[in-house]
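Written out below as structure tokens is the structure these notes cover.
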Amino acid sequence: MQEPEEKKIALELLETEQAYVNRLHLLDQVFYTELMKEAKTGKTVPEEVVKMIFSNISSIYQFHAEFFLPELQKRMEDWNRNPRIGDVIQKLAPFLKMYGEYVKNFDKAVELITAWSEKSPPFQELIADIQKRKVCANLTLQHHMLEPVQRIPRYELLLKDYVRKLPPQSPDRADAEKALEMIFMVAKHSNAAIAEMERLQNLWVVYQRLGLEDDIVDPSNELIKEGPIQKISTRNNSTSEKYLFLFNNMLLYCVPKVIQVGAEFQVHLRIDVEGMKVRELKDTEFPHTFLVSGKQRTLELQAR
């Protein structure tokens, strides 16, 4: 008897879950626990740093080891009598929101490992010592830490496959489809958290380049485009290099600083997008020119 396709996928889910729980055990019970023990002696690295590196890995580990994996095992043992996993995954889905915090923290965690490995040789030695163990399979701490980041997309792929292979009249169809939808929403939630964090980080970098001017720094602003531009001076028919930042609510007309200490640009003019007009000019001497006019003043600019 050939195993039905959907059962093969359910078994793959179980096998990958077992391997995943082992990886979480390594992160939480080995790396985190041992680094924390060392940190408490006060010789290697502050306890706060270890907590920041591992974020909420303990909660993630407990959830998978004590709840999801046992539920899945029970279900697969009983497959012949009750061939379904959709309802089990529905119970899992809401808890996957925990991953938002871990995923958001991931880049910062990797930076902290690098920085403290340089700063504290005992910290680096302890990590290297754990990495040499057989359980690490010659992989680095950073590599193991990537696993939770990749787990939700993996659930999504396996479940998509499972739903595709289910016979139309399967008793699991409605539950499995609902579970897939829930996992999809969680993945979106996790991606949105990352995107929002990246947006704020990029915005902060732009604000630093602009010298952190009080009336410009606002976390709700969105940078749409930035780049060099030529300002045309009609008086002496010449151009000079300037720089534009276009946000959702304002256009900043800036001058690059010669000595870049602190800020990279000086804001010369701010034009509010509300009421701003842009008009292309047909100028044979200066191609690609346009006028930007706001309530304050009008600029004649030339693009590359």
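Summary of computed values
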| item | result |
| --- | --- |
| Stokes-Einstein D in µm²/s, Kirkwood radius over Cα pairs - the chain at 10 °C with 1.306 mPa s viscosity | 66 |
| Cβ-based charge dipole, the chain, positive-most Cα from TRP116, LEU126, ASN56 | TRP116 |
| ASP272 accessible area, assembled protein chains, probe 1.4 Å, Å² | 60 |
| Cβ-placed point charges (K, R +1; D, E -1), dipole of the chain about Cα centre in debye, nearest 20 | 420 |
| Förster radius 30 Å - calculated FRET efficiency between ASN249 and VAL149, Cβ distance, rounded to 0.05 | 0.35 |
| Full-stretch length increase - THR41, MET185 - with 0.36 nm per residue and alpha-carbon distance subtracted | 47.6 nm |
| Intensity falloff of region 115-212 expressed as log10 I(q)/I(0), Debye formula with alpha-carbon point scatterers, at q = 0.14, 0.22 Å⁻¹ | -0.84, -1.04 |
| Over 27 Å between alpha carbons, listed pairs LYS37/LYS188; LYS7/LYS178; LYS8/LYS51 | LYS37/LYS188; LYS8/LYS51 |
| Binned Cα-Cα distances of region 2-109, short to long, each 10 Å bin given as a whole percent | 13, 37, 27, 15, 7, 1 |
| Solvent accessible area, Å² - LYS104, 1.4 Å probe, full protein context | 90 |
| Given charges at Cβ of Lys, Arg, Asp, Glu: region 5-209 dipole, positive-most of GLN90, MET145, MET185 | MET185 |
| Expected 222 nm ellipticity per residue - DSSP helices of 4 or more, -39500 (n - 2.57), all of the chain, to 500 | -16500 deg cm²/dmol |
| Two-decimal ratio, region 223-302, of alpha-carbon radius of gyration to 2.2 N^0.38 Å | 1.11 |
| Virtual spin-label span in nm between GLN296 and ARG199, 7 Å along Cα→Cβ | 2.5 |
| Within the accessible area of the chain (1.4 Å probe), percent carbon and sulfur | 52 |
| Theoretical FRET efficiency, 1/(1+(r/R0)^6), r = Cβ-Cβ of HIS268 and ALA303, R0 22 Å, to 0.05 | 0.75 |
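The values are calculated or read from the model by the stated rules, or taken from the named source; none is laboratory data. Predicted model only: the values in this text are computed from it and were never measured. Virtual Cβ from ideal backbone geometry, glycine too; neighbours counted across all protein chains shown. Heavy atoms of the whole protein, side chains included, go into the accessibility calculation; ligands, DNA and RNA do not. Shrake-Rupley method; radii C 1.70, N 1.55, O 1.52, S 1.80 Å.
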